[in-house]
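Notes follow once the structure below has been shown.
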Amino acid sequence: MAKNHRGKLLKQTVPGAGRGTCPACGRTGIKVLHEVKAGEKTVKVCKNCRHIDGAKLS
């Protein structure tokens, strides 16, 4: 299977290719794609923080 177009859709549809600063751990330049419910809001966090309880993000 060719890997030429892997990630192309992500780069086209999400601003900054899905990269930014994780609000939970504060890392910069990583993909923040996973959604976590923090109260009534939905916050996007990195792969490592996706299992964090939403109450800790509020």
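The values are calculated or read from the model by the stated rules, or taken from the named source; none is laboratory data. Here the structure is a predicted model, which means the values were calculated and not measured. Note: ideal-geometry Cβ built from the backbone for every residue, glycine included; neighbour counts use all protein chains shown.
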Point to revise | Tally, over region 26-50, of residues that are assigned to a loop (DSSP other than H, G, I, E, B), at negative phi and within 12 Å of the chain's Cα centre (by Cα) | key: 9
Practice item. With the checklist (1) at pLDDT 85 or above; (2) surrounded by 10 or more Cβ atoms within 10 Å (Cβ to Cβ) in hand, flag the one item residue 11 doesn't pass. Key: (1)
Check your understanding: Counting only residues that are part of a helix (DSSP H, G or I) and basic (Lys, Arg), which one in region 1-25 is nearest to residue 45 (Cα to Cα)?
Key -> 11
Review point. Residue check: is residue 17 surrounded by 15 or more Cβ atoms within 10 Å (Cβ to Cβ) and either in contact with a helix residue (DSSP H, G or I) (Cβ under 6 Å, 6 or more places away or on another chain) or aromatic (Phe, Trp, Tyr) (or both)?
Key: no
Review point. Counting just the residues of region 35-58 that are closer than 14 Å to residue 25 by Cβ and among the β-branched types (Val, Ile, Thr), which one comes out surrounded by the most Cβ atoms within 10 Å (Cβ to Cβ)?
Key: 45
Review point. Considering region 27-39 alone, what residues qualify as being modelled with pLDDT of 90 or more and within 16 Å of residue 58 (Cβ to Cβ)?
Key: 35, 36, 37
